[in-house]
Amino acid sequence: MTELQSYGLRLADASTGAPSRIGGAGPSDHKAVTVDGHTIMVPVHTGTAAASPFFADAPDASGRITLKRASVPIANISFPKQPRFYALQTFDGIPYSHIATLHGNDVLATTVLQTCIRYEHRETACQFCAIGQSLVAGRTIAHKTPEQLAEVARAAVLLDGVKHMVLTTGTPPSPDRGAKILCDSAFAIKAAVDLPIQGQCEPPNDDKWFARMRASGIDTLGMHLEAVTPDVRQRIMPGKASVSLARYMKAFEAAVGVFGRGQVNTYILAGLGDTRGAILDTCDKLIALGVYPFVVPFVPIGGTPLEKHPAPTPEFVRSILEPLGTMLSRAGLRAHDIKAGCGKCGACSSQSTFEK
Ligand code: SF4
């Protein structure tokens with residue numbers, strides 16, 4: 001699975017499985033693939049994927065798909081089907097799929113605010129980010145209202161059995177850095193349906209927002225470091241790097257006090273320039289604070305400044321995930337125990353398979 005996520009997958013039939021998103025936030029240019037009962041997001045539209053040794057045959061008459069590596073069959077795989085809620089639309093004609101999408105096989109995910117103060121200017125934008133692409137392409141709307149999110153969440157639970165929800169957001173120009181918008185959204189969703197929610201934003205200016213988010217119905221919090229070394233942060237995400245690592249660490253500590261041990265997560269992208277040692281060192285500090293670090297192989301998304309940046313080798317990714325799995329197990333932090341969000345879903349990384 002680690003190799004499949006690093007190299008990507010070529011498809012005999014591009015229409016197999018649910019349609020994949022090109023651009024946007026989160027796992028863009030990917031398809032969800034189920035291997036050995038474990039659903040992972042695998043790059044299918046990237047330059048790396050086009051040269052991958054992995055190839056998926058078209059489904060046979062019984063719907064079975066053979067995964068080959070260098071022409072040798074190695075496994076049977078399947079693709080989660082298109083969710084039923086995608087067929088619906090709101091009273092004002094917005095397709096539900098423009099409001100939220102299915103990630104993995106049981107996660108509903110949305111970018112509440114599809115605009116970002118960082119993304120608007122080349123000199124501040126995160127180099128890996130494609131948040132504006134799906135908006136320009138008309139595949140989403142700029143601001144999902146609490147009412148729209150509640151309506152779609154309810155349908156996704158009833159029709160497709162989604163188990164948890166991710167609310168991420170572009171960063172607005174307000175000092176709460178998106179916390180308020182997440183509060184308003186979670187409050188409306190929880191009033192409509194009982195669904196565990198992860199909110200994801202930059203650390204807000206005031207730690208009081210953590211208690212407000214918890215009270216609004218957000219069960220777990222993601223504040224994503226992405227890169228961990230100051231010079232890599234400055235180079236890859238110059239705008240976001242203005243929020244210091246020290247501020248992130250203080251915010252993590254305060255958030256764990258509110259959400260609980262293991263219920264605060266951070267995404268770390270392996271392959272952007274941070275060394276194995278720097279990533280593991282940071283993970284060690286995060287685990288000591290009770291934060292679950294989720295290390296994900298970087299995927300170069302088409303149309304971003306990093307589209308030609310190489311994906312990390314599976315050896316590099318495994319050299320981090322193997323010891324990290326042991327560190328997490330020793331600390332008693334497990335993906336399985338997270339109530340909602342990326343760490344629980346785990347589809348963007350094979351990390352949880354290394355946890356004992
Ligand atoms: S790990 Fe997060 S971003 Fe990746 S598929 Fe799961 S919910 Fe989506």
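The values are calculated or read from the model by the stated rules, or taken from the named source; none is laboratory data. Predicted model only: the values in this text are computed from it and were never measured. For neighbour counting, all protein chains shown are included, and Cβ atoms are generated from backbone atoms with ideal geometry for every residue, glycine included. Only protein heavy atoms, including side chains, enter the accessible area calculation; ligands, DNA and RNA are left aside. Shrake-Rupley method; radii C 1.70, N 1.55, O 1.52, S 1.80 Å.
I need the per residue convex hull volume for region 237-356, using only the alpha carbons, in cubic angstrom as a whole number.
Numbers: hull volume 13.3 nm³, N = 120.
Hull volume normalised by residue count: 111 Å³.
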For region 29-132, listing chymotrypsin sites (Phe, Trp or Tyr not before Pro) in a DSSP loop whose Cβ sees at most 10 other Cβ atoms within 10 Å gives Phe91
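If I take every Cα pair under 8 Å that is 6 or more residues apart in region 178-252, average their sequence separation and divide by the length, what percent do I get for the relative contact order? Can you show the working numbers first?
Numbers: 67 pairs, mean separation 23.8, N = 75.
After rounding, I find 32 percent.
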Quick check: the distance between the Cα centres of region 49-91 and region 170-235, to the nearest angstrom?
33 Å
Apportionment of accessible area to carbon and sulfur, the chain, percent (1.4 Å):
55 percent
How much accessible area does Asp194 have with a 1.4 Å probe, in Å² rounded to the nearest 10?
140 Å²
Starting from the Cα of Lys180, draw a straight line to each of the lysines and keep only those under 17 Å, dropping any in the same chain fewer than 8 residues away.
Lys144, Lys190, Lys208
Solvent-free Debye scattering, log10 I(q)/I(0), computed from the Cα coordinates of region 70-196 at q = 0.09, 0.16 Å⁻¹
-0.30, -0.82
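Using just the helices of the chain, give the 222 nm mean residue ellipticity in deg cm²/dmol: DSSP H runs with n ≥ 4 each add -39,500 (n - 2.57), and the total is spread over all residues, rounded to 500. Provide the component values of the computation, followed by the final result.
Details: 11 runs with 109 residues, N = 356.
Using -39500 (n - 2.57) per qualifying helix, the result is -9000 deg cm²/dmol.
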Where a ≥ b ≥ c are the square roots of the eigenvalues of the C-alpha gyration tensor, would you call region 46-129 rounded, which needs a/c under 1.5, or, failing that, prolate if a/b is larger than b/c, or oblate?
oblate
Could you list which residues have their amide H under 5 Å from that of Gln89, counting only those 5 or more apart in sequence or on another chain, with H placed in the peptide plane?
Tyr96
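FRET efficiency for His121 and Leu88, Cβ-Cβ distance as r, R0 = 45 Å, nearest 0.05?
Details: r = 37 Å, r/R0 = 0.81.
Efficiency, from the Cβ-Cβ distance: 0.80.
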Separation in nanometres of the label points that stand 7 Å from Cα toward Cβ, at Thr326 and Lys163
2.9 nm
Could I have the simple spin-label model distance between Asp13 and Asp207, label points 7 Å from Cα toward Cβ, reported in nm to one decimal?
5.5 nm
Among Thr90, Thr145, Thr48, residue whose mean-square fluctuation peaks in a GNM of the chain (springs only between Cα atoms under 10 Å)
Thr90
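If you count only protein heavy atoms with a 1.4 Å probe, what accessible area per residue comes out for region 199-297, rounded to a whole Å²?
On the way: 3270 Å² over 99 residues.
Solvent-accessible surface per residue comes out at 33 Å².
I need to check one value: relative contact order of the chain, counting alpha carbon pairs closer than 8 Å and at least 6 residues apart, in percent.
With pairs under 8 Å counted, the relative contact order is 17 percent.
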Residues meeting the amide H criterion for His30 (H placed from the backbone, H to H distance under 5 Å, 5 or more places apart or on another chain) are Arg21, Val44
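Using the eigenvalues of the Cα gyration tensor, what equivalent ellipsoid semi-axes result for region 247-313 when each is taken as the square root of five times the eigenvalue, whole Å, largest first?
27, 13, 9
Ignoring ligands, DNA and RNA, what accessible area per residue does region 1-154 give at 1.4 Å, in Å²?
Per-residue value: 46 Å².
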Assuming R0 = 41 Å, can you tell me the calculated FRET efficiency for the pair Ala288 and Ala61, based on Cβ-Cβ distance, to the nearest 0.05?
0.15
In region 116-158, the GluC sites (Glu not before Pro) that sit in a DSSP loop and have at most 14 other Cβ atoms within 10 Å of their own Cβ are Glu120, Glu123
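I'd like the FRET efficiency for Ala278 and His336, computed as 1/(1 + (r/R0)^6) with the beta carbon distance as r and R0 of 30 Å, rounded to 0.05. Let's see the in-between values first.
Details: r = 27 Å, r/R0 = 0.91.
Rounded to the nearest 0.05, the efficiency is 0.65.
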Diffing region 298-313: the Karplus 3J(HN,Hα) column from phi (6.51, -1.76, 1.60, θ = phi - 60°), in whole Hz with x for Gly and Pro, holds 4, 10, x, 8, x, x, 9, x, 9, 4, 9, 5, x, 6, x, 6
Going by Cβ distance under 4.7 Å, what cysteines of the chain have no possible disulfide partner?
Cys116, Cys183, Cys201, Cys283, Cys342, Cys345, Cys348
Mean 1/r over distinct Cα pairs of the chain, inverted to a Kirkwood Rh in Å, yields 20.3 Å
In the calculated pair distance distribution of region 147-250, what percentage of Cα-Cα distances lie above 18 Å?
51 percent
